[in-house]
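The values are calculated or read from the model by the stated rules, or taken from the named source; none is laboratory data. Here the structure is a predicted model, which means the values were calculated and not measured. Every residue, glycine as well, gets a Cβ built from its backbone with ideal geometry; the counts of neighbours run over all protein chains shown.
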Amino acid sequence: MMSISAVKGLKELDEFLATLPEEVQKSMLTSSLRVAAKPILDQAMLNVLMNFGGHPRSSGVLFSHITRGKVKRTGYAARIDVKLKRRSKSPGKVNARINGVRKPYGDDPFYGRFLEFGTSKMEAKPWLRPAAIAKQDDAGRGLNVELQRRMALWCKKNGVKFVPSL
């Protein structure tokens with residue numbers, strides 16, 4: 001394992017990351033991805049509220065089930081999803097009244113995909129894709145800032161000089 005005294009540039013950054021223990025790399029990546037997903041999550045919730053929240057049939061089920069998923073590792077990459085939190089396998093409240101609206105499927109937000117992509121009888125009313133497109137720059141900046149913040153903390157703790165490039 002090589003000793004790094006200063007981190008300043010892409011080559012040095014790559015070498016520096018290679019020297020970190022795998023657990024530290026995963027921890028930095030996980031927190032950075034969660035921070036990057038936050039603007040997209042917020043925008044998706046706002047889109048649902050603006051597009052469907054004022055409708056008399058709205059019960060808030062779709063809005064309340066938008067969440068960030070767990071970090072998934074795929075080969076050399078990792079990702080975190082903004083998605084709908086599905087209910088458990090148990091049927092839950094079927095034919096329930098939620099905020100005064102009769103919901104034949106209870107609090108299951110399964111219909112979010114039909115709104116996003118449309119059906120043969122319904123035009124698509126996307127709410128997630130526009131959020132991802134609108135906030136992709138904010139997500140990238142958030143990832144960069146959080147990763148550099150985590151690296152600076154680790155460097156300070158371990159006596160390595162770190163020069164961030166914001």
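Remarks
- The residue pairs whose first member lies in the range 19-39 and is without any contact (Cβ under 8 Å) to a residue 60 or more places away in the chain and of a type in the set (Val, Ile, Thr), whose second member is surrounded by 15 or more Cβ atoms within 10 Å (Cβ to Cβ) and not in a helix (DSSP H, G or I), and whose beta carbons are closer than 7 Å, counting only pairs six or more residues apart or on different chains, are Thr19/Ile4; Thr30/Val71.
- Check on Leu13, in contact with a strand residue (DSSP E or B) (Cβ under 7 Å, 6 or more places away or on another chain), modelled with pLDDT under 90 and crowded, with 20+ Cβ neighbours inside 10 Å: no
- Among residues of the range 112-130 that are within 19 Å of Pro39 (Cβ to Cβ), those with a beta-carbon under 7 Å from a residue that is not hydrophobic (A, V, I, L, M, F, W, C) and not in a helix (DSSP H, G or I) at least six positions away or on a different chain give the pairs Glu116/Pro126.
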